[in-house]
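Report on the following structure.
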Amino acid sequence: MHKDRSEVLKLLKTSKGQIEGIIKMIDNDRYCIDISKQILAAQALLKKANQNILKTHMQTCVKEAFENDNGDEKIEEIISILDKYYK
């Protein structure tokens, strides 16, 4: 995670700001479609942050596990996450 930490934090902080803005939009009775668009934008940022985290995990933790002949557990973790991702 160390490698892309600043990028992930930037994405998460931006999505946090968007979510706070969405809450204000709801409080101010803004147009539903505008709110929905902002929700989709926040989801896209969270998706990108998650992809970066998973990429780094595979490049570091999974790679290291295979180098130590312990990769099967990491593969199961990835499969479990992907299963949730595609539901």
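For (1) part of a helix (DSSP H, G or I); (2) within 16 Å of the chain's Cα centre (by Cα); (3) among the aliphatic types (A, V, I, L, M); (4) surrounded by 14 or more Cβ atoms within 10 Å (Cβ to Cβ), each residue gets a yes or a no:
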| residue | (1), (2), (3), (4) |
| --- | --- |
| SER36 | yes, no, no, no |
| ALA42 | yes, yes, yes, yes |
| ALA49 | yes, yes, yes, yes |
| LEU54 | yes, yes, yes, yes |
| PHE66 | yes, no, no, no |
| LYS74 | yes, no, no, yes |
| SER80 | yes, yes, no, no |
message: Just checking, does the stretch 2-15 include any residue being in contact (Cβ under 8 Å) with a residue 24 or more places away in the chain and touching a Ser or Thr at 6+ places or on another chain (Cβ under 7 Å)?
response: yes
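Being aliphatic (A, V, I, L, M) and over 19 Å from the mean Cα position of the chain (by Cα) is the filter here; which residues of the stretch 17-34 pass it?
Kept after step one, since they are aliphatic (A, V, I, L, M), are these residues of the stretch 17-34: 19, 22-23, 25-26, 33.
Passing the criteria: ILE23, MET25, ILE26, ILE33.
Read-outs throughout are calculated quantities, based only on the coordinates presented, and are distinct from any laboratory measurement. In this text the structure is predicted, and so the values were computed from the model without any measurement. Neighbour counts are summed over all protein chains in view; Cβ atoms, including those assigned to glycine, are modelled from backbone coordinates with ideal geometry.
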